[in-house]
Each structure stands twice: as C-alpha cells, then as structure tokens.
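A quick write-up on the structure given underneath.
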Amino acid sequence: MQFSLLIALTLACATQMQVMASPLSAQGSDAVEVSKADAVVAGVAPAVSAAPEAPAKLCCVWLYKQCIPYVRSIFRRLAQKIFKEDANLADFIIMIQTASEARPKAVAVYCASTLGKENAYRTLGTAIAKADRALVYGGGTQGLMGLVASAVLKGGSSVTGIVPYAISIAGGEGSARAPGVEGAVGESSERVETIVVDSMNDRKTEMARRVDGFFGLPGGFGTLDEILEVITWTQIGFHTKPVILMNVLSYFEPLRQLIRTGIAEGFIPADNESFVIFVDGPAVHSEHESFGWGEAGLAALEGWDSTAAKPLFVWTEKGDN
C-alpha cells in the first residue's frame, strides 16, 4: 500500500512540475509565493511559486501525508534526485509536509537510553510542556529518553522522535523501559511523530534543524557525542543555538574542567567557553532531587544571546565557482 502511494505521489509531483513550468502558473494573482517564515520552519530555501489550487499539488500533499515516515524520507530523497536540476521545485517537495502547518517552538534533548540511579535526572519534560514547547529527541521509550518524552506528552505538548533505521528494526535503544511511557504514547498518539532516517548523522541533522536549542541530560558515549557535536557546530558557525547542560549532581563537571583545560592549553579560544551553558542547581547535592531543573533550564534557554557566539566561519557565503 505504501509503495503504491509512493508511486502515485511521484507521478503527482511530475504532473505538478509541468503545472509549475507552464505559463499559466505565473500569471498575476493566480500565483502565490511560499512565505519566508514557512521556509524557515521547513529548513529550506523560500521563493517557490505555485498555483495554489492546482489539483496535482493538492493530491501530492494529501498522498504524502498518508505515507509512513520512512516512506516519506524515501520520497524526499527521490524528489531531490528527480528534480535536481530545479532546486526550487525540489525544495517545494521537501517543504510540503510542514509549509502550511505552524510548528510549536521545539527543543532537542540528548540523554541516556538507560534510567540512571537518580530521580533528579528526570524533571525536564514537564517544564518543556509547561513552556508550550515541543520535544525533538532520539525516539526511544527506554531510560531517560522515555521519561522525558512521556512527561512532555502528559503535559499536553508534542514529541518528535528521530530514529535511525538500524536502531528501529532492532527494537530501539536501551533495556529499561521508562515507567508510564506506553500509556502516555497510547493516549497521545496524535501528538507523536516518528521519523526514520538512514544514519546517526542524519538523526543529528534532522534534530538540529527542527529546534532552537539543545539540552543535555546525563548519558553515556552517545549523549556525549551529540552534545560535543552541537557545541562544535556553534564554534564553526553551523548555528547560533544554545547548548544547555543540566549539571545534575555535578555530572558534567569533568566536561567543564576539560573545556577549561583546553582553554588554558591554548586549544580552545577563551570566549568559546560561553558556547556551553551549565545549569548547576543548589550547591548542596542533597537538594538536587527537589530542585526545579526544568524551569532553570528553560530560563537559560530564554536568556541566551545568540549574538554572543562568534563563529570561525560563515557558511552562507559561496564562492564564484
């Protein structure tokens, strides 16, 4: 069924290309330009013109929304290949899922697929929902990932999980299912989106382009890898979004000291220490379990000054070639 939809969708897009290329599609008030705001939401370039009432376009959008996320990802790649000589049209095809739908402000959370030993690790999700923000995360139901996701859903907000295909077919990450996750997902399925991607690099890219900030909770090698990569992206100028580490029970203190050692040894510019925000909580660790980590983290997010980041490179500039 999904494969048939994919074929039909491809044919609809081919028809749409003919409609958009025809002289009729560019006549006066019959044409509409996709707004720059919509383009930013979708993460692609604006300035695509189309006939808003074209049946092929409506068919294309409807069929696309019927496909499961993995088939959607196949189609997006197929569309880019089919329309590679017409960048604007390829961008339009990628945009159709979200261009007319306003997304809530979203944050990414990097955290463990295991539960850890402390309840204090588990409080961020409620604050995200209370702030009317959506969650973008690794898509797991295990460990801290599951706890954060279920808290966001119980708070009434939405969740998008980005899962590499290899992890998806293996049944997910982690071994300790977070309490209450299945119930929260079952009761809020209309607010849960799962996007299956090809690789871990695709997961990182999809997460980053959908959010305006990153939170790090305690975790293992995978969590540390994700955190350090988005910090690096700040340094080299891929984005100017805040990276906020919830330093519960001083978990990230060794990382802070490593950064400071790198500065002292001349490997990290001193100004770049500000690329990472550490939320420390009370000085007394016994108070960490009752501390409002979520509220403190969201306050750090709102207080971030993106102009403070001085990246090494400017990626929007292109050479003459």
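The values are calculated or read from the model by the stated rules, or taken from the named source; none is laboratory data. Every value quoted in this text rests on a predicted model; they were computed, and no experiment measured them. Don't worry about glycine lacking a Cβ; one is built from the backbone with ideal geometry, like all the others, and counts go over all protein chains shown.
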Response to the item:
Here the residues within the stretch 248-270 that are under 21 Å from TRP293 (Cα atoms) and in contact with a Pro (Cβ under 9 Å, 6 or more places away or on another chain) are VAL248, LEU249, TYR251, PHE252
Worksheet item: Does VAL109 satisfy being at pLDDT 90 or above and within 14 Å of GLU193 (Cβ to Cβ)?
Response: no
Worksheet item: Being in contact with a helix residue (DSSP H, G or I) (Cβ under 7 Å, 6 or more places away or on another chain), of a type outside the set (Phe, Trp, Tyr), in contact (Cβ under 8 Å) with a residue 40 or more places away in the chain and not in a helix (DSSP H, G or I), is that true of even one residue in the stretch 262-270?
Response: no
Fill in: Filtered residue count, the stretch 117-162, keeping only those that are part of a loop (DSSP other than H, G, I, E, B) and in contact (Cβ under 8 Å) with a residue 12 or more places away in the chain
13
